[in-house]
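J.: The following block contains the structure, expressed as structure tokens.
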Amino acid sequence: MTKSNPRTPRDLLTRGELDQVGEAVRLAELGTSGEIRIRLERSCGGDPLGRARTLLAQLDMNQTRARTGILIYVAVADRRFAVYGDEAIDRVLGEAGWNAICAELGRRFAAAEYCAGLCDAVAAVGKTLAMHFPRAADDTNELPDAPSVEE
């Protein structure tokens, strides 16, 4: 399988690229109390936003202290993705708040720039979160920074 036509999460990013995305998450979270996660799966079963909603709970992202988890979800074989935030984020931004990030991510994925696209999306999410949910003095990293990858 070529990088321009990935079918599985392991086709999308190399181990080194997964590390780069995890580092992008770590850096983005330095300015916010938000918790960013990436989830890569083979297929979403139809609706990527619905799958992202389900995964928010399965990945314990709805258990953060301030309910400020945000998930960037990618269904590799389906060539679909979604950005979805937990309750506190959704109240402030809603789905429409992520349209520009989704549009740019779609453009980067169409150009087979998967790692760079995800890193840039994470940085953009981090900037948006920092405006609305700045890092608190007592903030702790509540969720793993490394991408969650379906095996």
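The values are calculated or read from the model by the stated rules, or taken from the named source; none is laboratory data. Keep in mind it's a predicted model, so treat the numbers as computed, not measured. Positions of Cβ are generated from backbone atoms using ideal geometry, with glycine treated the same way; all protein chains shown enter the neighbour counts. Heavy atoms of the whole protein, side chains included, go into the accessibility calculation; ligands, DNA and RNA do not. Shrake-Rupley method; radii C 1.70, N 1.55, O 1.52, S 1.80 Å.
J.: When only residues in the stretch 50-86 that are acidic (Asp, Glu) and at negative phi count, which is modelled with the lowest pLDDT? Explain how you work it out, then say what you get.
T.: Here is the first cut: in the stretch 50-86, the residues acidic (Asp, Glu) are 60, 78, 86.
Of the ones still in play, those that are also at negative phi are 78, 86.
Details: ASP78: 94, ASP86: 89.
For the stretch 50-86, the residue satisfying everything is ASP86.
J.: Taking only the stretch 18-77 into account, find how many residues are of a type in the set (Ser, Thr, Tyr) and part of a helix (DSSP H, G or I).
T.: Step one: filter the stretch 18-77 for residues of a type in the set (Ser, Thr, Tyr), giving 32-33, 43, 54, 64, 68, 73.
Next cut, part of a helix (DSSP H, G or I) only: 54.
Qualifying residue count for the region: 1.
J.: Has the stretch 80-96 got at least one residue that is closer than 26 Å to LEU12 by Cα, in contact (Cβ under 8 Å) with a residue 12 or more places away in the chain and more than 14 Å from the chain's Cα centre (by Cα)?
T.: No, the stretch 80-96 has no match at all.
J.: Show the residue pairs that are 6+ apart or on different chains and have beta-carbon atoms under 7 Å apart, the first residue being within the stretch 4-31 and within 19 Å of ALA112 (Cβ to Cβ), the second being open to solvent by less than 70 Å² (accessible area, probe 1.4 Å) and among the charged types (D, E, K, R).
T.: From the stretch 4-31, the pairs are PRO9/GLU41; PRO9/GLU150.
J.: Tally the residues that are surrounded by fewer than 18 Cβ atoms within 10 Å (Cβ to Cβ) and among the hydroxyl-bearing types (Ser, Thr, Tyr), restricting the search to the stretch 128-147.
T.: 1
J.: Looking for something open to solvent by less than 50 Å² (accessible area, probe 1.4 Å) and in a strand (DSSP E or B) - is there at least one such residue anywhere in the stretch 85-93? Outline the logic, then answer.
T.: The initial filter retains those residues of the stretch 85-93 that are open to solvent by less than 50 Å² (accessible area, probe 1.4 Å), namely 85-86, 88-89, 93.
Now narrow it down to the ones that are in a strand (DSSP E or B): 85.
Checked the stretch 85-93: at least one residue is open to solvent by less than 50 Å² (accessible area, probe 1.4 Å) and in a strand (DSSP E or B).
J.: Does VAL125 satisfy the condition of being closer than 18 Å to GLU23 by Cβ, surrounded by 14 or more Cβ atoms within 10 Å (Cβ to Cβ), of a type in the set (A, V, I, L, M, F, W, C) and touching a strand residue (DSSP E or B) at 6+ places or on another chain (Cβ under 8 Å)? Even if it seems obvious, please write down each step before you answer.
T.: Details: closer than 18 Å to GLU23 by Cβ: yes; surrounded by 14 or more Cβ atoms within 10 Å (Cβ to Cβ): yes; of a type in the set (A, V, I, L, M, F, W, C): yes; touching a strand residue (DSSP E or B) at 6+ places or on another chain (Cβ under 8 Å): yes.
So VAL125 fits the description; yes.
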